[in-house]
1. Cα centroid distance between the range 1-17 and the range 38-109, in Å?
2. In deg cm²/dmol and to the nearest 500, what is the mean residue ellipticity at 222 nm of the chain if only DSSP H runs of at least 4 residues count, each as -39500 (n - 2.57), divided by the residue total?
3. Does anyone have the angle between helix 129-171 and the longest principal axis of the chain? Alpha-carbon axes, 0 to 90°, nearest 10?
4. Helix 47-65 against the longest principal axis of the chain: what's the angle in degrees, Cα atoms only, rounded to the nearest 10?
5. Hey, fewest Cβ within 10 Å first, where do 55, 160 land in order?
6. Place the peptides 58-64, 45-51, 88-94, 78-84 in order of packing, highest mean first, counting for every residue the other Cβ atoms within 10 Å and averaging per peptide.
7. Between 0 and 90 degrees, rounded to the nearest ten: what's the tilt of helix 71-89 against the longest Cα principal axis of the chain?
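The numbers here are math on the coordinates, done by the rules we state, and not lab data. Nothing here was measured: the structure is a model prediction, and the numbers come from that model. Here the Cβ positions follow ideal geometry from the backbone for every residue, glycine too, while neighbour counts run over all protein chains shown.
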């Protein structure tokens, strides 16, 4: 059951990422919703789920983006596992901890991608710190929305059911 949930979370992140891809800045995405989905899976279901989410999401994103296949997959696998391990060691049950985790993972992921591309292409590319700051900020915002929405979801469903029940009980003669 956990595998299905991980795949759904990654698929939702990937679909939203691809739907918003036309708003890319300079041909590059200014955010990485698949990475947010990987961090979500890692913090909710643990390091192994984070690792699998990173592998599946990263390889799918690599295949769809036209970049070197495997670079993003490896970087997301490592960061997903690390986020899951950190989530078990530190208290990240509240929004500030989760947003901080998304921020750290975003920076580490970007630096891993740059390092892996340097190994593959045999040349070191520049790191745009401004682009990394924008990506980190947008990922943190997306992570905050995702975590808050999933926390509010069960309460909203319960309230809707209670309203339906109370309206049905009032209709009885």
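1. 13 Å
2. Result for the chain: -28000 deg cm²/dmol, rounded to the nearest 500.
3. 10 degrees
4. Tilt relative to the chain: about 70 degrees.
5. So the residues, fewest neighbours to most, are 160, 55.
6. Packing order, densest peptide first, comes out as 78-84, 45-51, 58-64, 88-94.
7. 50 degrees
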